[in-house]
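Reading through the structure tokens given below for one structure.
The values are calculated or read from the model by the stated rules, or taken from the named source; none is laboratory data. None of these values were measured; they are calculated from a predicted model. Counting neighbours? That spans all protein chains shown, and the Cβs are built from the backbone with ideal geometry, glycine included. With ligands, DNA and RNA removed, areas are computed over all heavy atoms of the protein, side chains included. Shrake-Rupley method; radii C 1.70, N 1.55, O 1.52, S 1.80 Å.
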Amino acid sequence: MFIERPPEWVRKLAKEGIFIGEPEKDGRKMVYLTFDDGPIPEVTPLVLDLLDRYGIKATFFMVGDNVRKYPEVFEEVKRRGHKLGNHTMHHLQGLHEGRDSYVSDVAEADAYIGSNLFRPPHGWLKKSQRKALQEKYKIIMYDLVTRDYSKRLNADEVFENVKRYARPGSIIVFHDSLKSLPRLFDALPRSIEWLLKEGYEFDTI
């Protein structure tokens, strides 16, 4: 549960971050579907097709180096009307970097992505990094990590994480990455259909 739903003490440590969105809009239960680590040609276009099938818009937190390598995939995400976020240039974990080098890496990614939304890889930032970044970015965390990237889980278990932890306002994390590929296209449509059946609607951040 520590990974799937960050506990309150983690949320207090990263109080500048947004962990949960608006639970309701005009009486409708809301969730916020997000994807980390893309864009890549092997996975992201398939995610876009799946989202189109359900008429859902999502928020994609992109690694700048992937945008640099695959600009056509990046442009397709934009063309289909999804929201963009920064996920650093080189998928750096903040705890392993100094403030200046980390902020510089985020700025390099921003030159390619151009978004005021930022999500730290692995969900960890040093206090000095958070203070520097929040001057320009909204720091978007998450309420539910599906763990679709984990080799220890199968698609059924990823889906069960969504069923167990989703709640009104949940910012839900999937990954458009090669690591998630063995589970993603089984667990993701089942998760969407279950959320719709439970009366949820989808919005971007």
Check: What's the number of the condition Gly98 fails, among (1) open to solvent by 10 Å² or more (accessible area, probe 1.4 Å); (2) under 15 Å from the mean Cα position of the chain (by Cα); (3) of a type outside the set (A, V, I, L, M)?
Finding: (2)
Note to self: Quick check on my filter: what residues within region 173-185 are open to solvent by less than 10 Å² (accessible area, probe 1.4 Å) and touching a helix residue (DSSP H, G or I) at 6+ places or on another chain (Cβ under 7 Å)?
What the structure shows: Phe174, Asp176
Next item on the list: Determine which single condition Trp194 fails, assuming it passes every other condition in (1) touching a Phe, Trp or Tyr at 6+ places or on another chain (Cβ under 9 Å); (2) hydrophobic (A, V, I, L, M, F, W, C); (3) in contact (Cβ under 8 Å) with a residue 40 or more places away in the chain.
Entry: (3)
Next item on the list: All but one of (1) in contact with a Leu (Cβ under 8 Å, 6 or more places away or on another chain); (2) at pLDDT 95 or above; (3) of a type outside the set (Ser, Thr, Tyr) hold for Gly94, so report the exception by its number.
Entry: (2)
Item checked: region 1-30, residues that are over 30 Å from His90 (Cβ atoms) and touching a strand residue (DSSP E or B) at 6+ places or on another chain (Cβ under 7 Å) -> Glu22, Pro23, Glu24, Arg28, Lys29, Met30
Margin query: Out of the helices (runs of 4 or more DSSP H) lying entirely within region 1-95, which hold 3 or more residues that are closer than 17 Å to Ile192 by Cβ and open to solvent by less than 30 Å² (accessible area, probe 1.4 Å)?
Written below: 44-54
Margin query: For Glu135, only one of the following conditions fails: (1) modelled with pLDDT under 95; (2) within 30 Å of Glu201 (Cβ to Cβ); (3) of a type in the set (Asp, Glu). What is its number?
Written below: (2)
Checklist line | Failed item in (1) under 30 Å from Ser101 (Cα atoms); (2) buried (at least 21 other Cβ atoms within 10 Å of the Cβ); (3) under 18 Å from the mean Cα position of the chain (by Cα), with Leu188 passing the rest | finding: (1)
Next item on the list: Could you list all residues from region 157-171 that are open to solvent by less than 70 Å² (accessible area, probe 1.4 Å), of a type outside the set (S, T, N, Q) and out of contact with any helix residue (DSSP H, G or I) (no Cβ under 7 Å at 6 or more places or on another chain)?
Entry: Tyr165, Pro168, Gly169, Ile171
Check: For the subset of region 106-131 comprising residues that are free of Cβ contacts under 8 Å to residues at least 40 places away in the same chain, over 13 Å from Gly17 (Cα atoms) and assigned to a helix (DSSP H, G or I), which member is least open to solvent (accessible area, probe 1.4 Å)?
Finding: Val106
Next item on the list: Please verify whether region 147-156 includes one or more residues that are within 17 Å of Asp36 (Cα to Cα) and open to solvent by less than 20 Å² (accessible area, probe 1.4 Å).
Entry: yes
Next item on the list: Given the conditions (1) small (Gly, Ala, Ser); (2) open to solvent by 10 Å² or more (accessible area, probe 1.4 Å); (3) over 16 Å from Tyr54 (Cα atoms), report the number of the one that Gly199 does not fulfil.
Entry: (3)
